[in-house]
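Asker: Below are the C-alpha cells for one structure; questions will follow.
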Amino acid sequence: MMLIVGQKPVFSEESVQDWSKKVIELQDKEGQNFEQDLTLVKGLLILQRRTEALTLINKTLKTFNRKDSRLTELFETALDQFFFQDTAELHAEAIQYIRAENWNEAKDKLDTALQKEPGHRMTTMRSIQVALALGNNSKAADLIKTADQFFPESVPLKVYKAWFYIQSKNAKEAIRIISALWISDRKLFEKNEAVMLAFLKAMDLNKYQLDWVNVSKIIQKKPEWACARLLKAKNKLMTTVEYKKELLAIKAVIEASANSKLRSKEIKEKSDQYLGLIPLDSCKKELEESIAKINETK
C-alpha cells in the first residue's frame, strides 16, 4: 500500500485523479464484493478520507464476516497513519505539553491536529485525556463517541470512559466498565495509580466493594500511591489508631517532593496516557478533612 507522509502525499496528481474516479465507481458497488470493498478502503485512504475508510472497514467486517490480514493492515493504517508531517509534529508537541502537564497548550495543539486529520486514533485518545484533565466532560463525551465508533476495544479508551463516568457521577456505568477491566486485565491495575484510583472511585460512588483482598495487596506494594491509599483507607475497616496512622503516612507522601516526583515519574514511564487523571489537589483537601475529623474525636 502507498504510504502517505510529509506535508504533501507522495503520489502524483494523476494518481489522485485516477483514484477519485475509481472510488466513485466502487462506491456504487459497495457491499457487493469483498475485494472491491478492500480496494475502495485503500482508495479512500489515498484520498485522505479517513473517517469514510474506517466506517467502510467496520461495515465490511460485519457484511462479510471475514478475517483478512490486508483489511487488518488497512484498519491500523486508517487509525494511526498521519497524512501530513505538520499534523504529526502537532501531535508530538502536544505529547510534550502533556508530559509537562500543560493542559491548555496540549489542547490547542491537539484541536488543530484533529481539524486537519479527524478520526486519527492517537490524537483522538490524547484529546480525550486532555479534556478529562481539564474537566471538560462535554468535549470528552463527543470525543468518546467518535472513539467508540471506530476503536471501541481500546483499553485506554475504556479507562477514559470509566473516568468520564466518575466525573459525571454516573456510578452504574463507571463500575460496569472498570470492574470488567479488573476481571479481564488485572495487571493493568498493578501498573498505574490512575487505573486503580478509577476502580476505587467507582466502588466509592456505588458503595460497592469488590475483591478488597487483592486491591489491598496491590496498593500495599505502592506506598507512593497517595490518592489510592486514601480511598482504600476510607473504605477499609480499621481501628481509629490505624486509620490516623495511615492518614499521616499518606500526608507525608504527598508533602515529600521526592515522593511526589516519584509518583509522576512512574506514571510517565509506564504510561503517560493516564497523566492528568489523578486529582491530587482534591486528594490533598480530602486528606486534610479526614485528619481534621479524626482530631475532632479526641
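FYI, it's all coordinate maths here, none of it is from the lab. On a predicted model such as this, the values are computed, not experimentally measured, just so you know. Backbone-built Cβ (ideal geometry, glycine too); neighbour counts: all protein chains shown.
Asker: Specify, per residue and in Å³, the volume enclosed by the convex hull of the alpha carbon atoms belonging to region 170-298.
Answerer: 110
Asker: How much of the calculated P(r) for region 144-223 lies past 22 Å, in percent of all Cα pairs?
Answerer: 21
Asker: What order, most packed first, do the peptides 20-28, 135-143 have when packing is the mean number of other Cβ atoms within 10 Å of each residue?
Answerer: The peptides rank, most packed first, as 135-143, 20-28.
Asker: At 7 Å along the Cα-to-beta-carbon direction for both Asn102 and Lys22, put a label point, then send me their distance in nm to one decimal.
Answerer: Taking the two extended label points, one gets 4.4 nm.
Asker: Put a dot 7 Å past each Cα toward the Cβ at Tyr208 and Asp111; how far apart are the dots in nm?
Answerer: 3.6
Asker: Could you list His120, His91 in order of exposure, starting from the residue whose Cβ has the fewest other Cβ atoms within 10 Å?
Answerer: So the residues, fewest neighbours to most, are His91, His120.
Asker: Using the scaling law 2.2 N^0.38 Å as the reference, what is the normalised Cα Rg of the chain?
Answerer: In units of the globular-protein estimate, the chain measures up at 1.21.
Asker: How long is region 13-80 along each principal axis, judged by its Cα atoms, biggest number first, in Å?
Answerer: Dimensions of region 13-80 along the principal axes of its Cα atoms: 34, 27, 17 Å.
Asker: Let me ask another. Answer rounded, prolate or oblate for region 59-183, using the Cα gyration tensor with square roots of eigenvalues a ≥ b ≥ c: rounded when a/c is under 1.5, else prolate when a/b is larger than b/c, else oblate.
Answerer: Cα axes put region 59-183 in the oblate bin.
Asker: Hey, fewest Cβ within 10 Å first, where do Ser154, Ser127, Ser184 land in order?
Answerer: Ser184, Ser154, Ser127
Asker: Return the FRET efficiency for the residue pair Asp281, Thr51: r is the Cβ-Cβ distance, R0 is 35 Å, and the value is rounded to the nearest 0.05.
Answerer: Plugging the Cβ-Cβ distance into 1/(1 + (r/R0)^6) gives 0.40.
Asker: So how do Val215, Val159 line up by other beta-carbon neighbours within 10 Å, fewest first?
Answerer: The most exposed by this proxy come first: Val215, Val159.
Asker: What nm distance separates the two modelled labels at Glu289 and Lys245, each placed 7 Å from Cα along Cα→Cβ?
Answerer: In this crude label model, Glu289 to Lys245 measures out at 2.7 nm.
Asker: While we're here: Taking R0 as 30 Å, what's the FRET efficiency between Leu134 and Lys62 from their Cβ-Cβ distance, rounded to 0.05?
Answerer: The computed FRET efficiency comes out at 0.25.
Asker: How would you order 40-46, 188-194, 205-211, 81-87 from highest to lowest mean count of nearby Cβ atoms within 10 Å?
Answerer: Those peptides, ordered most packed to least, come out 40-46, 188-194, 81-87, 205-211.
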